[in-house]
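The values are calculated or read from the model by the stated rules, or taken from the named source; none is laboratory data. This structure is a prediction, so every number in the text was calculated from the model and none was measured. Cβ coordinates were reconstructed from backbone atoms using ideal geometry, including for glycine residues, and neighbour counts include every protein chain displayed. Just the protein is used for accessible areas: all its heavy atoms, side chains included, with ligands, DNA and RNA removed. Shrake-Rupley method; radii C 1.70, N 1.55, O 1.52, S 1.80 Å.
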Amino acid sequence: MKKVIYTKNAPDAIGPYSQAYLCGNTLYCSGQIAIDPNTNLFVDGDIIAQTNRVMENIKGLLEGAGFGFEDVVKTTCFLKSMDDFQTFNEIYAKYFVSKPARSCVAAAALPKNALVEVEVIAYKE
């Protein structure tokens, strides 16, 4: 079973991709940046504001497919600057208490000049 996931609780895709795909018991979520799903406008702010918005977008995607943060098995995190790593981690840890596998890399540039982007893979039995 393969199904496109769409929810109004996460921003619309800003390119030729889907918010998420459910394949069997696995959910593949597109990378999220700090776009407010209510306005579809980028939340221009510091790493704290952007990371919190990203996490709420991920929450919306997960819930839209019947998943939760506890179901996330892998995250890939992109930071514009590794100087933000500690602050990002503090916020990240509040959401991902189950400590999924993770990669975190510095990216020279992100869409909308974002400071952070996070994508997730979740699995549910």
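With E90, E56, E70, E117 as the choices, which residue is open to solvent by 50 Å² or more (accessible area, probe 1.4 Å) and either touching a residue at least 12 places away in the same chain (Cβ under 8 Å) or aromatic (F, W, Y) (or both)? If you could, list the steps in order and put the result at the bottom.
Details: E90 fails: either touching a residue at least 12 places away in the same chain (Cβ under 8 Å) or aromatic (F, W, Y) (or both); E56 fails: either touching a residue at least 12 places away in the same chain (Cβ under 8 Å) or aromatic (F, W, Y) (or both); E117 fails: open to solvent by 50 Å² or more (accessible area, probe 1.4 Å).
Result of the check over E90, E56, E70, E117: E70.
Does any residue of region 58-73 turn out to be in a loop (DSSP other than H, G, I, E, B), of a type in the set (D, E, K, R) and farther than 17 Å from N113 by Cβ? Explain how you work it out, then say what you get.
At the first step, the residues of region 58-73 found to be in a loop (DSSP other than H, G, I, E, B) are 65-68.
In the following step, the residues that additionally are of a type in the set (D, E, K, R) were identified as none.
No; the residues of region 58-73 include none that is in a loop (DSSP other than H, G, I, E, B), of a type in the set (D, E, K, R) and farther than 17 Å from N113 by Cβ.
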Just to be sure I understand the filter: pairs with C-beta atoms under 6 Å, separated by 6 or more residues or on different chains, first member in region 94-108 and over 26 Å from G68 (Cβ atoms) and part of a strand (DSSP E or B), second member open to solvent by 50 Å² or more (accessible area, probe 1.4 Å) and not aromatic (F, W, Y). Which pairs pass? A106/M82
Got a number for residues in region 23-44 being assigned to a strand (DSSP E or B), within 16 Å of T75 (Cα to Cα) and either open to solvent by 20 Å² or more (accessible area, probe 1.4 Å) or of a type in the set (F, W, Y) (or both)? 2
So F85 ticks every box in (1) over 16 Å from T7 (Cβ atoms); (2) in a loop (DSSP other than H, G, I, E, B); (3) not β-branched (V, I, T) but one. Which box is left unticked? (2)
